[in-house]
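FYI, it's all coordinate maths here, none of it is from the lab. Only a predicted model underlies this, so the values are computations on that prediction, with no experimental measurement involved. Using ideal geometry, Cβ is built from the backbone for each residue, glycine included, and neighbour counts are taken over all protein chains shown.
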């Protein structure tokens, strides 16, 4: 496993082996700068020898692959798992605020013309903005520990209307022309007939969401026509029909938005930034008989697909840092209002702290304030041990926005 090195001024140098790092630390010629990824900083001067390193970035909506390579060797490989809960959290916040206005509390008038998108150009939805910032932060982390010369980013654009036309036989946009709203189009598409029970001829029609509105939105492919009787029976559980929606285009839409914005922001931060495309990456991977992984795609993007690969890679997970909900929205029957927030530190441990328990490196996913017991999980969310006493674990590192695990 490589150890990353900084000079006395904090500028990155070429990485070294673990043996050499131990010698430098033992002779007090270096000090520990950061533990994840493990980085040391030299106390004295150095020759400053550097090689040409290319950083390949496989941008994505759920996972990001990165690989820093020279012509002969790979120096960093990692996969970042992005957050996918922002849309759900915003929808829950919106629902709670609407419910608050209907309760007997201090009245708060609705606000309309004060949204951020009306204040400045270039506004992006919070979910998209968060993912773009995560890409930039990951690149910034790598450029601080390695002397990167060139950054190559793969961006992909999708023709969503053409993809949908392959599914339904005609462009969805053209189908919707001439209808005042989505509901009217869905009723016309289903011939103003209930799609529930066979032979149902009820005339009071409603539009049903195949996936919840929070998850699937109000897109026509997520809506289906049901009569009032079938709609009620379906939600009660009397009517059991599995509705299937077409392929979701949420990730494709994100890549289309991100493609231009990410490259423009990176161009303002770094000088040697270049753009490549997905079909080039695919051709390079197939030509060199490489497996399909995000980190391997990033290695192909870097321009050195045949360089010696590392025997490990960093699995990085982006986590939520703060929970701003004060009280729980759903309470158990007969209980009183409970706090949704735990203390910042419980017996010295924070949420998502990395700890050592029985020789296994895991993370704290839940804490109990009363007895100090912890719930330990691996970085992918797999449960390792529940109800573990806080005295039986050893703290390795406090939490951060990025959680690291070597695989």
Most packed first (mean Cβ within 10 Å per residue), the peptides 372-383, 281-292 order as 372-383, 281-292
Rounded to 0.05, the calculated FRET efficiency for the beta carbons of residue 202 and residue 62 at R₀ = 51 Å is 0.80
Residue separation between residue 274 and residue 133 times 0.36 nm, minus their alpha-carbon distance, gives in nm 48.9 nm
The alpha-carbon center of segment 205-226 and that of segment 25-87 are separated, in whole Å, by 44
Heads up, segment 320-400 by the C-alpha gyration tensor (a ≥ b ≥ c square roots of eigenvalues; a/c under 1.5 rounded, else a/b over b/c prolate, else oblate) looks prolate
Within the set 392, 137, 328, GNM on the chain using Cα springs under 10 Å gives the largest fluctuation to 328
Between residue 342 and residue 124, Cβ-based FRET efficiency (R0 41 Å, step 0.05) works out to 0.85
Burial-style ranking of 139-147, 337-345, average other-beta-carbon count within 10 Å with highest first, yields 139-147, 337-345
Fewest-first ordering of 277, 185 by Cβ atoms within 10 Å yields 277, 185
With a Förster distance of 41 angstrom and the Cβ-Cβ distance between residue 384 and residue 17, calculated FRET efficiency to the nearest 0.05 equals 0.85
Counted neighbours (other Cβ, 10 Å), sorted fewest up, put 302, 335, 212 in the order 335, 212, 302
With the 8 Å Cα cutoff and a minimum separation of six or more residues, segment 1-47 has a relative contact order in percent of 42
The chain: relative contact order from alpha carbon pairs under 8 Å, six or more residues apart, as a whole percent, is 18
